[in-house]
Amino acid sequence: MHTEPGDLVAALDIGGTKIAGALVDGRGRLLRRVRRATPADGDAAAVMAAVAAVLGELAAAAEWSGVRAVGIGSAGPVDASAGCVSPVNVPGWRDFPLVAEVTAASGGLPVVLVGDGVAMTAAEHWQGAARGHDNALCMVVSTGVGGGLVLGGRLHPGPTGNAGHIGHISVDLDGDRCACGGRGCVERIASGPNIARRALAEGWRPGADGDASAQAVAAAARAGDEAARASFARAARALAAGIAATATLVEVDVAVVGGGVAGAGEVLFGPLRACLREYAALSFAAGVRVVPARLGADAGLVGAAAAAAGELGLWGLPGNASGI
Ligand SMILES: [Zn+2]
């Protein structure tokens, strides 16, 4: 594709609570932002109407004439090869043909779809903590645990756009059932709700404000609460086992950790680094470093744009390894 300096990508970040959109330029700047609540209880058409409204608002901007593509990062599972999504938290969409619908709603622009973990990875590789790393695992630790991979200098979405989904590899062989149907998954131990659940089960109690979130557990851990510290330490252990497995399989040299739970800081990163030394034992895996993500809440939009730009040859970004 012939590209110009003023080329833009319209980015969509679709989650269970909100649908965000932006026009993104070749330096990763968000020129316009739009946001709607996701009608998560609505039928397929109602959810798509919210997406179309976001696109319509972006299309009304003067800069729209510079838009060359649409990049979508969606809550998963996604199937980029079929252009469909089935987000767990949006029951109205099951095998919903999102790429075809967005293609029509955007007037026939090329559309690239990836999972939200892959989008965050594209953002961190382009502009954030994985910049300059040819082999990286990026992960979001939040209500769920997601992730993505950069291999050989390129985003590696996998055939369906889900590769690197570290939240659902098992690190506890006899562990609890996970919502995905598996057992002992990283997410079942290390997501925010599971950190809070375990802290409560071990005797931690919320303060007077009743806040029982992982953020409240982190504050208690910093203040020395043993049950709170133990729950974060166990989450760190699960994450470390997943990162070590990834480093051993595909030789990543950095693991970027973002999401709300990563905001706990050293309460998480301290034990995470210590456990990683224990699990990543072989010489070629032992050097993997853990660093916090840099892009924050905009990573989904920046990454959706980057994934599309890479796939379509915009902005000089390297193509995606999977050729989706
Ligand atoms: Zn799972």
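Within region 200-249, the only residue that satisfies the criterion of being in contact with a strand residue (DSSP E or B) (Cβ under 7 Å, 6 or more places away or on another chain) and hydroxyl-bearing (Ser, Thr, Tyr) is Thr246. In region 201-212, the residue that is farthest from the ligand (Cβ to nearest atom) out of those that are touching a residue at least 24 places away in the same chain (Cβ under 8 Å) and surrounded by 12 or more Cβ atoms within 10 Å (Cβ to Cβ) is Trp204.
Against the condition without any contact (Cβ under 8 Å) to a residue 24 or more places away in the chain, over 26 Å from the mean Cα position of the chain (by Cα) and more than 15 Å from the ligand (Cβ to nearest atom), how does Gly224 come out, does it pass? Yes.
Taking the listed residues Val150, Val140, Val85, the one that is closer than 23 Å to Ala53 by Cβ, buried (at least 24 other Cβ atoms within 10 Å of the Cβ) and among the aliphatic types (A, V, I, L, M) is Val85, with no other qualifying. The condition (being out of contact with any Lys or Arg (no Cβ under 7 Å at 6 or more places or on another chain) and outside the structural domain of Ala196 (by TED's automatic domain parsing)) is satisfied by just one residue among Gly108, Gly147: Gly108. Cβ-Cβ contacts under 8 Å between residues 6 or more apart (or on different chains), taken from a first residue in region 253-280 that is touching a residue at least 12 places away in the same chain (Cβ under 8 Å) and surrounded by fewer than 19 Cβ atoms within 10 Å (Cβ to Cβ) to a second residue that is among the polar types (S, T, N, Q) and not in a helix (DSSP H, G or I), are listed as Asp253/Asn135; Gly260/Ser142; Gly260/Thr143. For region 156-191, filtered to residues that are away from the ligand (no atom under 15 Å from the Cβ) and surrounded by fewer than 24 Cβ atoms within 10 Å (Cβ to Cβ), the residue that is nearest to Val78 (Cα to Cα) is Thr160.
Out of Ala230, Ala308, Ala297, one residue alone is farther than 16 Å from Val140 by Cβ and within 18 Å of the chain's Cα centre (by Cα). It is Ala308. Of (1) modelled with pLDDT of 95 or more; (2) buried (at least 21 other Cβ atoms within 10 Å of the Cβ); (3) under 28 Å from His125 (Cβ atoms); (4) not β-branched (Val, Ile, Thr), Ala196 satisfies all except one. Which? Among (1) modelled with pLDDT of 95 or more; (2) buried (at least 21 other Cβ atoms within 10 Å of the Cβ); (3) under 28 Å from His125 (Cβ atoms); (4) not β-branched (Val, Ile, Thr), the lone unmet condition for Ala196 is (3).
Evaluated against (1) of a type in the set (A, V, I, L, M); (2) closer than 26 Å to Gly296 by Cα; (3) within 15 Å of the ligand (Cβ to nearest atom); (4) part of a loop (DSSP other than H, G, I, E, B), Met139 falls short on exactly one condition, (4).
The residues on offer are Gly28, Gly71, and the sole one that is within 28 Å of Trp315 (Cα to Cα), in contact with a helix residue (DSSP H, G or I) (Cβ under 9 Å, 6 or more places away or on another chain) and part of a loop (DSSP other than H, G, I, E, B) is Gly28. When you look at Thr17, is it surrounded by fewer than 17 Cβ atoms within 10 Å (Cβ to Cβ), over 17 Å from the mean Cα position of the chain (by Cα), at pLDDT below 95 and among the polar types (S, T, N, Q), yes or no? So Thr17 fails the test. So, in region 273-324, how many residues would count as being among the small types (Gly, Ala, Ser), touching a helix residue (DSSP H, G or I) at 6+ places or on another chain (Cβ under 7 Å) and at pLDDT below 90? Residues meeting the conditions: 1.
The values are calculated or read from the model by the stated rules, or taken from the named source; none is laboratory data. None of these values were measured; they are calculated from a predicted model. Please note: Cβ atoms are built from the backbone with ideal geometry, for glycine as well, and neighbour counts cover all protein chains shown.
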